[in-house]
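The values are calculated or read from the model by the stated rules, or taken from the named source; none is laboratory data. Remember, it's a predicted structure, so these values are computed and weren't measured experimentally. Glycine also receives a Cβ, built like all others from the backbone with ideal geometry; neighbour counts cover every protein chain displayed. The area values use the complete protein model at the heavy-atom level, side chains included, leaving out ligands, DNA and RNA. Shrake-Rupley method; radii C 1.70, N 1.55, O 1.52, S 1.80 Å.
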Amino acid sequence: MMWDYILKLVVLLPLVCGLMIGSLYLWRRLESRLPGQQGTRRIQLRETMILGPGLKLAVIEFDGQSLLVSVARTGVTLVERGRQ
């Protein structure tokens with residue numbers, strides 16, 4: 001009877017601890033993607049628009065300036081600078 005309890009404890013305790021650590025890791029990783037959580041960063045992604053397969057336009061704000069960039073599979077290209 002006591003061995004059953006010890007066996008369950010040895011198996012389930014690391015499993016529960018692993019699930020806790022894994023959920024904390026996922027929370028930290030996904031927390032930056034939540035809307036409204038970008039207030040403390042100097043760079044903020046304001047808007048994106050998909051133009052086609054593998055091609056996007058993105059508006060990025062950096063130090064009070066808005067930058068319109070084109071994002072493709074080959075790289076990122078600055079399209080236009082704007083003021084805020």
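Kirkwood Rh over alpha-carbon pairs of the chain, then Stokes-Einstein at 37 °C and 0.692 mPa s: what D in µm² s⁻¹, rounded to an integer?
196
With a 1.4 Å probe and all protein chains left in place, how much accessible area per residue does the chain have, in Å²?
Averaged over the residues of the chain, the accessible area is 92 Å².
Once the Cβ-Cβ distance between Leu67 and Ser23 is put in as r, and R0 is 35 Å, what FRET efficiency do you end up with, to the nearest 0.05?
0.45
What percentage of the solvent-accessible surface of the chain, computed with a 1.4 Å probe over protein heavy atoms, is contributed by carbon and sulfur atoms?
Reported share for carbon and sulfur atoms: 64 percent.
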